[in-house]
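> Please see the structure below; I have some questions.
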């Protein structure tokens, strides 16, 4: 007799061979998911009600339909599996919770590392500045389920008014500005600073990238870590930073030096940077901006162009807002009650966001548009509508026309 949540199917067929979720299985093919599961040692030694592959897709669907209960997400995944002879009986919330714990965070983390890369190609509009791929780094905090385990591990924000209502996780991301594709992420407790988390992401930088960052990130050691693999940098620094004028250049920028803290007074071991200063006037207020860059030649990147380019740093703010406000939903907290589940859930959110942005990039590229011209909210709604209609399609047919009546 079939248990709750179990589909009686031929012995040669498992539910994991028949379940699919549209755009997500195109972005994360079942074969790749199986490889990642095997690589992380999360494969089954015996047949289970919820195989690891299904649980991966469940976590992705859970992060696509944020705010829906476990059983509703499972129902959306299972639509289309019934064919009149057998029916999909939704697993219980407890069974799904146990399956998530068995899966753990590593498969989602490895899947993110395998798939989530910059999307722009040379033909992508708005993703390049001259020869550079423009990327940015920034951080945010996510409200978590109010449990002792989450509070103990992640902590709560504390101010003069007291502690925050929920524990929070700190997330720092590395994103391609032109496509909003997040290709690096680090997750930690509030006690770990954005600067410390960002250091984990800098090995992903490459020659040909130009990294934008706000003034909260600047520090000599972090600057050196970010440029270690050949990427160029354009970071804002505080206006009171000690940056002596060594030589004024033809575009009004100037060369200066920065030093490690022990060498600052003696000016030993200098590192040459170029400084761009300008003033922005908005609603009667004037703000002085000071940027430092590794691009020393004003012919390669004129000061006026770099000042205009720095506005692109806000694209990563928009990217984080897409995830927090539109995909997750405003004022909602992550559902996971334990730190391992929080990390699994965050990677699920990032993977789903990347899949949607990949779809948007392909659509923009086919029409010769800037991906920024497309609406993330509208794209999210389209993907959500497609999932129930495509849930019963077999992953075996992702490279050819799918059979609308599998099994």
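> Looking only at region 90-138, count how many residues are assigned to a loop (DSSP other than H, G, I, E, B), within 23 Å of the chain's Cα centre (by Cα) and closer than 30 Å to residue 69 by Cβ.
The total comes to 3.
> If you don't mind, another one. Could you pull out every one of the strands (runs of 3 or more DSSP E) wholly within region 203-283 that has 1 or more residues that are free of Cβ contacts under 8 Å to residues at least 24 places away in the same chain and farther than 23 Å from residue 130 by Cα?
Values: elements: 209-213, 232-236, 254-258, 271-282.
Counting at least 1 such residues, we get 254-258, 271-282.
> Could you list, in sequence order, the residues of region 174-192 that are farther than 18 Å from residue 233 by Cβ and not in a strand (DSSP E or B)?
The first filter runs over region 174-192 and keeps only residues farther than 18 Å from residue 233 by Cβ, leaving 179-182, 185-192.
Result: 179, 180, 190, 191, 192.
> To continue, here is another question. From the list 332, 359, which one is under 30 Å from residue 107 (Cα atoms), in a loop (DSSP other than H, G, I, E, B) and at pLDDT below 95? Walk me through how you get there before you give the answer.
Working: 359 fails: in a loop (DSSP other than H, G, I, E, B).
Residue meeting the stated conditions: 332.
> Can you confirm whether residue 379 is at pLDDT below 95 and assigned by TED's automatic domain parsing to the domain that holds residue 172? Walk me through how you get there before you give the answer.
Values: at pLDDT below 95: yes; assigned by TED's automatic domain parsing to the domain that holds residue 172: no.
No, not satisfied.
> Of all residues in region 155-173, how many are touching a residue at least 60 places away in the same chain (Cβ under 8 Å) and either buried (at least 24 other Cβ atoms within 10 Å of the Cβ) or part of a strand (DSSP E or B) (or both)? Please lay out each step first, then the result.
Step one: of region 155-173, the residues touching a residue at least 60 places away in the same chain (Cβ under 8 Å) are 166, 169, 171, 173.
Those still in the list that are either buried (at least 24 other Cβ atoms within 10 Å of the Cβ) or part of a strand (DSSP E or B) (or both) too: 169, 171, 173.
Number satisfying all stated conditions: 3.
> Name the single residue that is nearest to residue 179 (Cα to Cα) among those in region 370-383 being in contact with a helix residue (DSSP H, G or I) (Cβ under 8 Å, 6 or more places away or on another chain) and surrounded by fewer than 16 Cβ atoms within 10 Å (Cβ to Cβ). Steps first, answer last, please.
Initial filter on region 370-383 (in contact with a helix residue (DSSP H, G or I) (Cβ under 8 Å, 6 or more places away or on another chain)): 370-374, 376-377, 379-380, 383.
Keeping just the survivors that are surrounded by fewer than 16 Cβ atoms within 10 Å (Cβ to Cβ) gives 370, 373, 377.
Numbers: 370: 8, 373: 10, 377: 15 Å.
Restricting to residues being in contact with a helix residue (DSSP H, G or I) (Cβ under 8 Å, 6 or more places away or on another chain) and surrounded by fewer than 16 Cβ atoms within 10 Å (Cβ to Cβ), the top hit is 370.
> While we're here: With the condition kept exactly as written, say whether any residue in region 219-230 is under 24 Å from residue 350 (Cα atoms) and in the same structural domain as residue 290 (by TED's automatic domain parsing).
Kept after step one, since they are under 24 Å from residue 350 (Cα atoms), are these residues of region 219-230: 226.
Of the ones still in play, those that are also in the same structural domain as residue 290 (by TED's automatic domain parsing) are 226.
Yes, region 219-230 has at least one match.
> Is it the case that some residue within region 237-252 is buried (at least 16 other Cβ atoms within 10 Å of the Cβ), touching a strand residue (DSSP E or B) at 6+ places or on another chain (Cβ under 6 Å) and closer than 19 Å to residue 173 by Cβ? If you could, list the steps in order and put the result at the bottom.
Pass one, region 237-252, residues buried (at least 16 other Cβ atoms within 10 Å of the Cβ): 237, 243, 249, 251.
With touching a strand residue (DSSP E or B) at 6+ places or on another chain (Cβ under 6 Å) added as a condition, the list becomes 237, 243.
Okay, now just the ones that are also closer than 19 Å to residue 173 by Cβ, so none.
No, region 237-252 contains no residue that is buried (at least 16 other Cβ atoms within 10 Å of the Cβ), touching a strand residue (DSSP E or B) at 6+ places or on another chain (Cβ under 6 Å) and closer than 19 Å to residue 173 by Cβ.
> Can you name every residue in region 125-154 that is out of contact with any strand residue (DSSP E or B) (no Cβ under 7 Å at 6 or more places or on another chain) and in contact (Cβ under 8 Å) with a residue 60 or more places away in the chain?
Within region 125-154, 125, 126, 130, 131, 145, 146, 147, 149, 150 qualify.
> Then there's this: So in region 49-67, with the set limited to residues that are more than 19 Å from residue 383 (Cα to Cα) and part of a loop (DSSP other than H, G, I, E, B), which one is farthest from the chain's Cα centre (by Cα)?
This residue is 49.
> Next question. Could you tell me which of the residues 7, 59, 73 is touching a helix residue (DSSP H, G or I) at 6+ places or on another chain (Cβ under 7 Å), at pLDDT below 65 and either closer than 23 Å to residue 350 by Cα or surrounded by 14 or more Cβ atoms within 10 Å (Cβ to Cβ) (or both)?
Only one candidate qualifies: 7.
> Name the residue that is farthest from residue 309 (Cα to Cα), counting only residues in region 185-196 that are in contact (Cβ under 8 Å) with a residue 40 or more places away in the chain and in contact with a helix residue (DSSP H, G or I) (Cβ under 8 Å, 6 or more places away or on another chain). Before the answer, list the steps.
Initial filter on region 185-196 (in contact (Cβ under 8 Å) with a residue 40 or more places away in the chain): 185, 187, 190, 194.
Now restrict to residues that are in contact with a helix residue (DSSP H, G or I) (Cβ under 8 Å, 6 or more places away or on another chain): 185, 187, 190.
Working: 185: 23, 187: 28, 190: 31 Å.
Within region 185-196, the match that is farthest from residue 309 (Cα to Cα) is 190.
The values are calculated or read from the model by the stated rules, or taken from the named source; none is laboratory data. Everything numeric here is computed off the predicted structure, so don't read it as measured data. Note that each Cβ is placed from the backbone with ideal geometry, even for glycine, and that neighbours are counted across all protein chains shown.
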